[in-house]
């Protein structure tokens, strides 16, 4: 074992010094410590959705647009997708993220458009591709109810977590089992009725972990338009945007640490008060 | 299928489609009344055609929309179906694509809509929409929960309707389960025959059941 290699599975006494963290943990986590002065610059955020309208006034430049489809047994990744947004929803999520983290990099991975049939498989392949790219944050305002994808999605969510990709997913507000938001390796988000985009709460009774602004949100929509929308779909990019801010200021944070910072800076916890 | 068996199955199925359709209609009627909305509709997903079909409509469009179809991945209803996420939009008119492609083709352009997926077990069966609730009051999460409750009821009704249709198709010798009805009929006819093929067929079916 070389001197530089970190102990992966155990921690001999002599190795304790070698896992020193790059930054001292502050005595108190405040919002100012967490994201004060941050713009999102340097954070790479992926929106797994219906596409993003590049150049929308509320979105700005989209760094890359990718489309995932499946033909037969083959997964097709079009790395220069020019279809834009097929619904408006992805653009809405992207606009919320950029409103909070204006200088983050945005990548659209479009997993919608090929019809309902096979949409679960496309979602899975899209997520897999996005995780392979090593984005800092993946916003996923969608879920699947198909049991057969649950274990694969679980593995993907854990892979993302351990490679420092934070998956932020919309919780379901209906009595159905759906994935991947229920997994503990992702951040799951529901809605509160407040108006402040930075107002968010930690939920001490999971599986929904955080509540963010999700009611009557003015969002970007297709054709350069704007709409007022409600749904956990719009609460999710608020947390994704805040996560991008935190990671742009503290890029060394692991998903575990990021979750801890988000917890400590929540409105109902010390740092957010 | 023997006459007795056919009669028994038919008794369970006949008329049920109309009943389940009446239940769907009642759900959209009540949803429209509770939300004080201009219209409400239920779309059924036709998986074979990959299309959404207007199955029940209350209020504006109720005369002309039932039976109309559109691709399952377009518009707000398509997104809600695929993403499994409910969505509420105020001021739909600001979405030019939505207005042009979906609403105008139905002869009614709503200002706002609530759309919720109809989920039964792990399947997405369709979408419930409520159009043009009064916009003078803010939307609340309590309304979202109410919409979810309606959706749950509508999903159960839609599941029953689909089952009734499949059973009727099987009785009529159509659909992908018609072969099961034909096999049952043949086995029923051979009930008194000494020939060993019936016993072999039953063994094979028992194995098939295990496999499934």
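The values are calculated or read from the model by the stated rules, or taken from the named source; none is laboratory data. Small disclaimer: the values here were computed from a predicted structure and weren't measured. Every residue, glycine among them, receives a Cβ derived from its backbone with ideal geometry; neighbour counts consider all protein chains shown.
So the values come out like this:
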item	result
Wholly within the stretch B:105-212, helices (runs of 4 or more DSSP H) carrying at least 2 residues that are over 27 Å from the mean Cα position of the chain (by Cα)	B:178-189, B:197-211
Selection count where residues are within 14 Å of another protein chain (Cβ to nearest Cβ), within 14 Å of residue B:130 (Cα to Cα) and surrounded by 20 or more Cβ atoms within 10 Å (Cβ to Cβ), scope the stretch B:30-66	1
Where residue A:207 falls short, out of the listed (1) in contact (Cβ under 8 Å) with a residue 24 or more places away in the chain; (2) assigned to a loop (DSSP other than H, G, I, E, B); (3) out of contact with any strand residue (DSSP E or B) (no Cβ under 7 Å at 6 or more places or on another chain); (4) within 30 Å of residue A:26 (Cβ to Cβ)	(3)
Residue list for the stretch A:66-111, restricted to those being more than 14 Å from every other protein chain (Cβ to nearest Cβ) and in a loop (DSSP other than H, G, I, E, B)	A:72, A:73, A:79, A:80, A:81, A:82, A:101, A:102, A:103, A:104
Boolean, residue A:116 is buried (at least 18 other Cβ atoms within 10 Å of the Cβ), within 13 Å of chain B (Cβ to nearest Cβ) and assigned to a loop (DSSP other than H, G, I, E, B)	yes
Among residues of the stretch A:42-56, those that are part of a loop (DSSP other than H, G, I, E, B) and within 19 Å of residue A:238 (Cβ to Cβ), counted	4
The listed residue being in a loop (DSSP other than H, G, I, E, B) and modelled with pLDDT of 95 or more, out of A:198, A:247, A:258, A:262	A:198
Some residue of the stretch A:24-33 being within 23 Å of residue B:76 (Cβ to Cβ) and not in a loop (DSSP other than H, G, I, E, B)	no
Residue match in the stretch A:237-260 (condition: within 14 Å of another protein chain (Cβ to nearest Cβ), crowded, with 18+ Cβ neighbours inside 10 Å and closer than 19 Å to residue A:141 by Cβ)	yes
Failed item in (1) in a helix (DSSP H, G or I); (2) more than 14 Å from chain B (Cβ to nearest Cβ); (3) touching a residue at least 40 places away in the same chain (Cβ under 8 Å), with residue A:156 passing the rest	(3)
